[in-house]
Amino acid sequence: MPWVRQLIDKLTRSATGETRRGLLRVGAAYAALVGWLYQDAGDMSAAVFWQGITQEIALRARDPHLIGYAMVHSAVVRTDLGDGAGAVDLCEAALDEPAAVVPKIHVMAMQQQAHGASLLRDRAEVDRLIDQAARLLPRVDDDLPWGNACRRTPGYLEVQRATCYGRLGLGVEAGALWEEVLALVPATARRDRGVYMARYATAAATAREPEQAVEIVREVAAIAVETGSARMRRELETLERAMRPWHDAPVGQDLAEALAPVREGT
């Protein structure tokens with residue numbers, strides 16, 4: 001992957017005008033994708049590096065939409081690192097000049113700011129931000145080639161709300177939302193479905209329904225082995241922590257058996 005970055009860097013040095021800015025836009029979008037792939041693989045140091053590259057190239061392109069996109073991507077990394085204040089700061093910076101960016105950037109920034117708020121234990125702010133994003137979502141109609149998950153992901157904003165509720169320890173509320181979301185997610189979206197189901201299982205455990213959590217996680221384990229997603233494995237580690245009260249109970253042994261194939265694959 002570094003050779004692609006080197007090629008884009010070489011081309012931008014010799015290009016001029018709008019051609020150069022177009023190459024910079026491609027480079028920024030590419031760097032953001034690579035950063036996300038490293039993040040999904042669990043290599044947070046590489047993810048931080050590539051998101052820094054994304055911001056640098058976006059600034060050089062002087063594209064306010066791309067700059068906002070880069071800031072949101074960095075906020076996603078801060079969220080995964082447990083830095084709620086950092087995530088909020090970056091999302092607020094992405095919207096410093098709200099009139100300068102398309103509605104898609106508003107939606108992306110507000111939903112990610114909600115994740116930051118959940119790390120800061122502020123449920124009211126989570127709901128306010130996601131509700132505000134939901135009002136803007138029908139206005140997302142740009143032709144920008146990146147950041148389109150909000151349009152193509154079934155139940156996009158409710159996925160964010162459910163994730164935030166789970167982080168806040170609201171097991172019953174999160175579980176109800178995950179049930180709704182999973183009814184919309186196609187079976188072909190294996191990676192997303194596995195992550196969502198792992199969070200659903202954690203919500204069940206938080207709601208003191210350990211048997212339901214184990215039932216859900218049996219399918220997740222198979223998807224985790226198939227995809228090798230580090231993000232999914234981290235979600236399963238979160239589930240194991242939520243299931244600690246039943247560690248010595250039969251249901252705890254059932255969980256260990258269900259997750260054995262995942263551990264064998266590490």
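The values are calculated or read from the model by the stated rules, or taken from the named source; none is laboratory data. Remember, it's a predicted structure, so these values are computed and weren't measured experimentally. Counting neighbours? That spans all protein chains shown, and the Cβs are built from the backbone with ideal geometry, glycine included. Just so you know, the surface numbers come from the protein's heavy atoms only, side chains and all, with ligands and any DNA or RNA stripped out. Shrake-Rupley method; radii C 1.70, N 1.55, O 1.52, S 1.80 Å.
Among the trypsin sites (Lys or Arg not before Pro) found in the range 175-266, those both in a DSSP coil and sparsely packed, with 13 or fewer other Cβ atoms within 10 Å of their Cβ, are Arg208. In this view, the solvent-accessible surface of Ser118, computed with a 1.4 Å probe and all protein chains in place, comes to about 0 Å².
Express in nm, to one decimal, how much length is gained between Ala260 and Glu97 on full extension, taking 0.36 nm for each residue of separation and deducting their alpha carbon distance. Could you put the intermediate results ahead of the total?
Values: separation 163, 0.36 × 163 = 58.68 nm, distance 4.98 nm.
Answer, rounded to one decimal: 53.7 nm.
Rg/Rh, computed from the Cα trace of the range 127-225 with Rh as the Kirkwood radius, has the value 1.01. Across the range 127-133, rounded Karplus estimates of 3J(HN,Hα) from the backbone phi angles (6.51 cos²θ - 1.76 cosθ + 1.60, θ = phi - 60°) give 5, 4, 5, 5, 5, 5, 4 Hz, Gly and Pro being marked x. In the chain, the calculated helix contribution to ellipticity at 222 nm averages -25000 deg cm²/dmol per residue, counting -39,500 (n - 2.57) for every DSSP H run with n ≥ 4. Remark: the range 140-217 carries a charge dipole of roughly 260 debye about the Cα centre, counting +1 on each Lys and Arg Cβ and -1 on each Asp and Glu Cβ. Roughly speaking, what is the centre-to-centre gap between the range 103-146 and the range 188-239 when only Cα atoms are used, to the nearest Å? The two parts, judged by their Cα centres, are 25 Å apart. Shown in residue order for the range 34-47 are the 3J(HN,Hα) couplings computed by the Karplus curve 6.51 cos²θ - 1.76 cosθ + 1.60 at θ = phi - 60°: 4, x, 5, 4, 5, 5, 5, 7, x, 9, 6, 4, 5, 4 Hz (x for Gly and Pro). Here the Karplus relation 6.51 cos²θ - 1.76 cosθ + 1.60, evaluated at θ = phi - 60°, turns the backbone of the range 71-78 into coupling constants of 5, 5, 4, 5, 5, 4, 4, 4 Hz, with x for every Gly and Pro. Summed over the residues of the range 137-216 and divided among them, the accessible surface reaches 47 Å² per residue at a probe radius of 1.4 Å.
Measure off, as a whole percent, the carbon and sulfur share of the 1.4 Å-probe accessible area of the chain, all protein chains present.
Of the solvent-accessible surface of the chain, carbon and sulfur hold 53 percent.
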